[in-house]
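The values are calculated or read from the model by the stated rules, or taken from the named source; none is laboratory data. Here the structure is a predicted model, which means the values were calculated and not measured. Glycine also receives a Cβ, built like all others from the backbone with ideal geometry; neighbour counts cover every protein chain displayed. Accessible surface areas use protein heavy atoms only, side chains included; no ligands, DNA or RNA. Shrake-Rupley method; radii C 1.70, N 1.55, O 1.52, S 1.80 Å.
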Amino acid sequence: MKVAVAGCCHGALDKMYETLELLQRRHNVRPDLLLCCGDFQAVRNEADLRCMAVPAKYRHMQTFYRYYSGEKKAPVLTVFIGGNHEASNHLQELPYGGWVAPNIYYLGYAGVVRFRGVRIGGISGIFKSHDYRKGHFECPPYNQQTIRSAYHVRNIEVFKLKQLKRPIDIFMSHDWPRSIYHYGNKKQLLKMKSFFRQEVESNTLGSPAASELLQHLKPTYWFSAHLHVKFAAFMQHETNSKEELPKATKFLALDKCLPHRDFLQIIDVEHDPNAGDSLEYDPEWIAVLKATNGLVNVTQSSWNMPEKNGLHAKWDYSATEEAIKEVLEELNHDLKIPCNFTLTAACYDPSKPQKNMDPVHTINPQTTEFCAQFGLTDINDRIQQAKEEGSGRGECEEEDEEEMDSTGSAEEPSEYHTDNSGLSSFNPDEIMLDEEGGDEDLSTCSVDPSPDHPPEFSTSFSDIRIMPDSMAVSSDDAMDSNNEELEKSGGSKQVEEKSSTERSLKRIGGDENGNSGVKKIKRRNQVIYATEDEDK
């Protein structure tokens with residue numbers, strides 16, 4: 001099965017699909033599936049633009065609305081995760097995943113699905129330690145804080161994914177797993193992005209939560225985006241026992257979707273030839289969702305997930321074979337995800353722009369149906385109830401801590417002490433953003449939609465690269481990078497152990513509360529849409 005993988009789409013759906021069509025015409029290669037690693041920007045209208053955490057001058061309608069309205073249809077099944085520049089109000093409607101348009105499926109805050117027997121998982125957003133232990137409390141209309149925190153990864157999603165026991169074939173994250181750069185051609189990476197050096201050398205670039213998932217899930221492939229640079233790595237995992245077969249992960253970070261960039265990769269993935277062509281639920285993942293439903297938290301209260309540390313009555317929420325069997329019986333062994341896409345907002349009309357359209361908190365029928373079928377908590381319905389009860393401020397109400405599952409704990413310290421998702425180094429290619437937001441007020445809408453007919457482009461075939469059977473970097477590159485680390489630390493394992501103890505000392509961006517005696521150096525990339533602190 002041929003799978004196309006794209007990095008940050010930034011709403012340029014026409015460009016992606018036209019590039020795939022060009023691939024078919026020139027090389028007779030037609031992907032069966034397209035994966036997108038975040039910053040998809042499923043913007044339906046002007047209200048959605050106001051919920052995207054980018055300065056107003058970078059808000060453009062792009063072309064997703066045409067697929068949402070039905071004017072166009074994705075020519076290939078598309079599965080994506082969220083990044084840090086999304087229409088958060090739209091994606092929030094589908095916390096467990098769902099269709100954002102016909103043939104375009106969002107994986108949710110975290111999710112696992114199957115296609116032709118291939119298990120595909122992903123986690124949306126980027127890591128920020130100060131929000132990691134909170135619940136999903138945000139809802140539109142967002143304020144200056146919640147418009148950013150809405151896309152921050154939460155510990156409950158990582159906890160759910162860590163309950164999985166069966167092998168994962170493909171996994172997606174928006175930000176890179178921390179330390180992955182030690183397993184590829186690090187010299188070439190720093191040659192292309194020299195301003196990564198400080199974070200790479202201090203081992204603070206990327207997400208520690210994603211790194212934890214990488215070590216636990218050990219997928220065959222892991223794809224990321226976010227940093228707008230192509231990078232390949234090959235990670236050989238340690239085995240837990242002599243009986244366990246060695247596992248390795250082929251990692252690939254994708255560039256952003258722009259003309260004359262290698263923003264698409266085509267890989268061949270082994271699949272079940274007897275499986276159907278429909279996207280399917282993963283029964284183990286559904287069983288995990290059911291088991292962890294009592295841990296759902298829609299408050300700002302910080303708490304850790306259950307651990308085997310003497311403080312929790314239960315800490316293992318993995319799915320038993322019996323629980324998986326029950327899921328299959330509930331579905332009558334028909335795992336096909338229903339094509340139940342529904343319009344939940346007005347679609348942008350180029351002839352009748354509505355710059356003052358306000359975002360509203362919407363409960364999506366797809367989520368309602370999904371939760372009813374599997375007995376799950378509708379997160380948005382829970383938030384809506386809290387709003388109606390008037391338990392706090394309009395955009396983010398807190399429930400009583402007594403309503404939190406007794407297995408949770410708000411008193412334990414966070415397992416992560418750093419606050420990096422991207423990088424904090426100076427980037428010479430970026431433009432300065434005002435420290436306090438200045439005239440780039442995220443609460444105001446300044447819509448600059450693209451015209452009815454987007455500008456034509458001449459696609460260079462450097463947009464596409466068909467990957468060989470192995471995505472591993474060359475042995476010379478890998479040896480060069482690994483030998484360099486061994487010389488410095490006596491082994492990559494020691495590097496990771498050392499970084500875990502010294503991480504807080506080497507971190508520039510400040511503590512969990514954002515306090516620091518060192519002045520922050522802001523990122524300035526107008527293409528990445530950097531906000532005050534999200535991409536540092």
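General observations
- Checklist (1) open to solvent by 80 Å² or more (accessible area, probe 1.4 Å); (2) in contact (Cβ under 8 Å) with a residue 24 or more places away in the chain applied to TRP285, failing item: (1)
- Check on GLY82, free of Cβ contacts under 8 Å to residues at least 40 places away in the same chain, assigned to a loop (DSSP other than H, G, I, E, B) and open to solvent by less than 10 Å² (accessible area, probe 1.4 Å): no
- Looking at ILE363, ILE383, just one residue is assigned to a helix (DSSP H, G or I), surrounded by 13 or more Cβ atoms within 10 Å (Cβ to Cβ) and either touching a residue at least 40 places away in the same chain (Cβ under 8 Å) or of a type in the set (A, V, I, L, M) (or both), and that residue is ILE383.
- Search result, residues across the stretch 138-164 that are aliphatic (A, V, I, L, M) and not in a helix (DSSP H, G or I): ALA150, VAL153, LEU164
- Set side by side, the residues GLY121, GLY98, GLY108 differ, and just one is open to solvent by less than 10 Å² (accessible area, probe 1.4 Å) and without any contact (Cβ under 8 Å) to a residue 40 or more places away in the chain, which is GLY108.
- Scope the stretch 304-325; condition modelled with pLDDT under 90 and either aliphatic (A, V, I, L, M) or open to solvent by less than 30 Å² (accessible area, probe 1.4 Å) (or both); matching residues: LEU311, HIS312, ALA313
- Matching option when the condition is open to solvent by less than 10 Å² (accessible area, probe 1.4 Å) and in contact (Cβ under 8 Å) with a residue 24 or more places away in the chain, among ILE156, ILE147: ILE147
- Considering LYS230, LYS218, LYS186, LYS191, the condition of being surrounded by fewer than 17 Cβ atoms within 10 Å (Cβ to Cβ) and out of contact with any Phe, Trp or Tyr (no Cβ under 8 Å at 6 or more places or on another chain) is satisfied by LYS191 alone.
- SER278 vs. criteria surrounded by fewer than 21 Cβ atoms within 10 Å (Cβ to Cβ), in contact with a strand residue (DSSP E or B) (Cβ under 8 Å, 6 or more places away or on another chain) and at pLDDT 95 or above: yes
- Counted residues, the stretch 195-215 - those being acidic (Asp, Glu) and either open to solvent by less than 10 Å² (accessible area, probe 1.4 Å) or on the phi > 0 side of the Ramachandran plot (or both): 1
- Flag for PHE251 being assigned to a strand (DSSP E or B) and either open to solvent by less than 60 Å² (accessible area, probe 1.4 Å) or closer than 26 Å to HIS152 by Cα (or both): yes
- One residue alone among HIS271, HIS333 is within 26 Å of TRP222 (Cβ to Cβ), modelled with pLDDT of 95 or more, open to solvent by 30 Å² or more (accessible area, probe 1.4 Å) and not in a helix (DSSP H, G or I), and that residue is HIS271.
- Subset of the stretch 33-79 (residues that are open to solvent by less than 10 Å² (accessible area, probe 1.4 Å), over 22 Å from VAL360 (Cβ atoms) and acidic (Asp, Glu)): ASP39
- Filter result (of a type in the set (Asp, Glu) and open to solvent by less than 10 Å² (accessible area, probe 1.4 Å)) within the stretch 164-183: ASP175
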